[in-house]
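Report on the structure given below.
The values are calculated or read from the model by the stated rules, or taken from the named source; none is laboratory data. Treat the numbers as computed from the prediction; the structure is a model and nothing was measured. No Cβ is skipped: glycine too gets one built from the backbone with ideal geometry, and neighbour counts run over all protein chains shown.
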Amino acid sequence: MATPLIPSPRPTLTAAQAVALTLLRDGYTQRTITARTGVEPDDLYRLAMLHDITAPHGTVEGHHCHEARQEDPCTKCTHAFGRVHARQHARHRRTLAAVPRSLRPRGRQGRRAVR
C-alpha cells in the first residue's frame, strides 16, 4: 500500500473525540463534555483548533478556543471568562472564611499594631 504524498493536516478522530467536538460546537460546558466523552480539556481544544471548530462566543469554552488558536479573545468571551474567574475567587474566599482560624493558612497575616 502506497503512502500518500501529501499528509493529511487533520488527524483522524475517534468516536469519542468526534462527539466531544460536536458537543463543544453545540455549546456544552467543558465539564459536561469531559464527563460524557472522557476527552481531556487540553485535547479537546487542540482538536477543535485543528478541525476549525469553535465554541459559541460569550462562553468560557469560547475563550479557551481563542487561547488554543493563540489569538486575542473577543469581548464577549473575555467577559464570560472574567465572570467565571470572579465566581471561583468568591467561592474560594467563602471557603477560607468558614475554616477555623487555627487551621487557616498562615501565608498572609493581618497588620499588628506596634506599641
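In the stretch 27-115, counting only helices (runs of 4 or more DSSP H) that sit wholly within it, the ones holding 3 or more residues that are at pLDDT below 90 and either more than 14 Å from Q17 (Cα to Cα) or aliphatic (A, V, I, L, M) (or both) span 60-68, 75-98.
Among the residues that make up the stretch 16-23, is at least one of them out of contact with any Pro (no Cβ under 8 Å at 6 or more places or on another chain), more than 16 Å from C77 (Cα to Cα) and in a loop (DSSP other than H, G, I, E, B)? No, that holds for no residue. Scanning the stretch 14-73 for residues that are in contact with a Cys (Cβ under 9 Å, 6 or more places away or on another chain) and aliphatic (A, V, I, L, M) yields L24, A48, M49, I53, A55, V60.
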